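Let me begin by presenting the structure, written as structure tokens, before commenting on it.
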Amino acid sequence: MSNLLTASIGRKLLMSVSGLFLILFLLVHLTLNSFLLLDSCMGFEEGQLFNAGVHFMGTNPLIKVIEPLLALGFVVHIVYSLILTLQNMKARGSQSYASGKKTTGVEFASLNMFPLGIAIFAFLVIHIINFYMKMKGFIHWEGGEVEFPFFGAMAKGENAYALVNETFQNLSIVLIYIVGSVALAFHLAHGFWSAFQTIGWNNTIWMPRLKVISNVVAIILGGGFTVIALGQYLFF
Ligand code: HEM
């Protein structure tokens, strides 16, 4: 166990597993957020489906267990990325300039995983302040409760839709979301397949497939969050 936390391969393994766990969270998060654009098309009043989804996530006991795990996933991923980056910088030292190796052909994303991670972290701080802190009552917000259909009955809960909709009327915030989502897409285009490679799924048949899946996941997540923020700004 101590080897897992300290040996270089153990640290990479923890980064990969936590990264894949965070991708899973993001896929669920995107699905819920897509209700922001879809509810009117699905016969609901504007915001009803999203509010029901947020209510479900906020009251589901399983989600209450997963939330601290999610926070732990972020902490592990960020702490180990710092350790590994410092370790790599130290190992390379002055040789990085002396090697003379050309880096052409190496993907932009694979060379910039750490700066991309910092951009995503900065985005996440703004995002948590904008939404999570207000929803959980850490920052004052004039919300108010609304009614929405919930498993065949009517339920009451916070008007999360109003918060998101109001936030995305500000173009500067929408631009921050677009930059954050693009950084996320590049980070995942390399991070997804690289995580599988670290956990040992690196045979010649699956590696090319995983690289394609990586790009698909990156486009779905990065593109999806961009479309939602921009769609809310332009059409709602
Ligand atoms: C259009 C884009 C997005 C929208 C509309 C959105 C919306 C929200 C909302 C409303 C919450 C608060 C939920 C609650 O407290 O009940 C939240 C929380 C959160 N979001 Fe996002 N989000 C977006 C993109 C992202 C992205 C790109 C990331 C990660 C890179 C992210 C990570 C998180 C995390 C970690 C939380 C706190 C945990 C949680 O409440 O589930 N979100 N988001």
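Bear in mind these aren't lab numbers, they're just calculated from the coordinates by the rules spelled out. Note that this is a predicted model, so its numbers are computed, not measured. Glycine also receives a Cβ, built like all others from the backbone with ideal geometry; neighbour counts cover every protein chain displayed.
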Which ordering of S16, S172, S110 is given by a fewest-first count of other beta-carbon atoms within 10 Å? S172, S110, S16
What do you get for the angle between helix 8-38 and the principal long axis of the chain? Use alpha-carbon atoms, 0 to 90 degrees, nearest ten. 30 degrees
Cut-off under 5 Å, modelled amide H: who pairs with A155 long-range: F148, F150
Global size of region 118-185 as Cα Rg and Dmax, reported in angstrom: 14.4, 44
Taking loop as defined by DSSP and a crowding limit of 15 other beta carbons within 10 Å, which GluC sites (Glu not before Pro) in region 124-206 fit? E142
DSSP loop chymotrypsin sites (Phe, Trp or Tyr not before Pro) in region 113-172 with at most 11 other Cβ atoms within 10 Å of their Cβ, which ones? F138, F151
Specify the angular offset, from 0 to 90 degrees and rounded to the nearest 10, of the alpha carbon long axis of helix 48-59 from the longest principal axis of the alpha carbons in the chain. 70 degrees
Checked against a 22 Å limit on the C-alpha separation, the offending pairs among K64/K211; K12/K211; K90/K211; K12/K136 are K64/K211; K90/K211; K12/K136
Projected label distance in nm at F151 and I63, using a 7 Å step from Cα toward the beta-carbon: 1.3 nm
Cα gyration tensor, region 31-79 - rounded (a/c under 1.5), prolate or oblate: oblate
How big is the convex hull of the Cα atoms of the chain, per residue, in Å³? 168 Å³
Can you give the angle from 0 to 90° between the axis of helix 113-127 and the longest principal axis of the chain, with both taken from C-alpha atoms, to the nearest 10? 20 degrees
Neighbouring Cβ atoms within 10 Å as the yardstick, rank M135, M207 fewest first. M207, M135
